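Chemist: Take a look at the following structure, please.
The values are calculated or read from the model by the stated rules, or taken from the named source; none is laboratory data. All of these numbers come straight from a predicted model, not from anything done at the bench. Cβ sites come from the backbone with ideal geometry, for glycine too, and all protein chains shown count toward neighbours.
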Amino acid sequence: MLTYSRNGFLIVESPVAETQVTIYTTAGQIQARCQVSGTKSIALPKGIYMVKAGTEVRKVIIRD
């Protein structure tokens, strides 16, 4: 899984078809949940997020 931010969007790239992705705030609340197949752009407010896909977890910072 590859995750990065660009222009206020979280970009998630997954080589595995139909990967369940959950995005958490630093407070542990679920911000978003979706299925990713290939590449997906997700609009998020600026902040720090933890992105979980399968068994992988990544920290992402969204800036304006």
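Chemist: Kindly indicate whether Lys40 is crowded, with 16+ Cβ neighbours inside 10 Å and either in contact (Cβ under 8 Å) with a residue 12 or more places away in the chain or of a type outside the set (A, V, I, L, M) (or both).
Modeler: Details: crowded, with 16+ Cβ neighbours inside 10 Å: yes; either in contact (Cβ under 8 Å) with a residue 12 or more places away in the chain or of a type outside the set (A, V, I, L, M) (or both): yes.
Yes; evaluated as a whole, the condition is true for this residue.
Chemist: To continue, here is another question. So, in segment 43-54, exactly how many residues are without any contact (Cβ under 8 Å) to a residue 40 or more places away in the chain and within 11 Å of Thr22 (Cα to Cα)?
Modeler: Looking only at segment 43-54, we keep the residues that are without any contact (Cβ under 8 Å) to a residue 40 or more places away in the chain, and these are 43-50, 52.
Retained after the next criterion (residues that are within 11 Å of Thr22 (Cα to Cα)): 49-50, 52.
Going through segment 43-54 one residue at a time, the tally reaches 3.
Chemist: Under the condition of being of a type in the set (Ser, Thr, Tyr) and part of a loop (DSSP other than H, G, I, E, B), which residue from segment 13-63 is nearest to Thr3 (Cα to Cα)?
Modeler: Among those residues, the one meeting the criterion is Thr55.
Chemist: If you check Ile62 against the conditions, is it modelled with pLDDT of 95 or more, surrounded by fewer than 11 Cβ atoms within 10 Å (Cβ to Cβ) and not acidic (Asp, Glu)? So that I can check it myself, show each step before the final result.
Modeler: Numbers: modelled with pLDDT of 95 or more: yes; surrounded by fewer than 11 Cβ atoms within 10 Å (Cβ to Cβ): no; not acidic (Asp, Glu): yes.
It is false that Ile62 is modelled with pLDDT of 95 or more, surrounded by fewer than 11 Cβ atoms within 10 Å (Cβ to Cβ) and not acidic (Asp, Glu).
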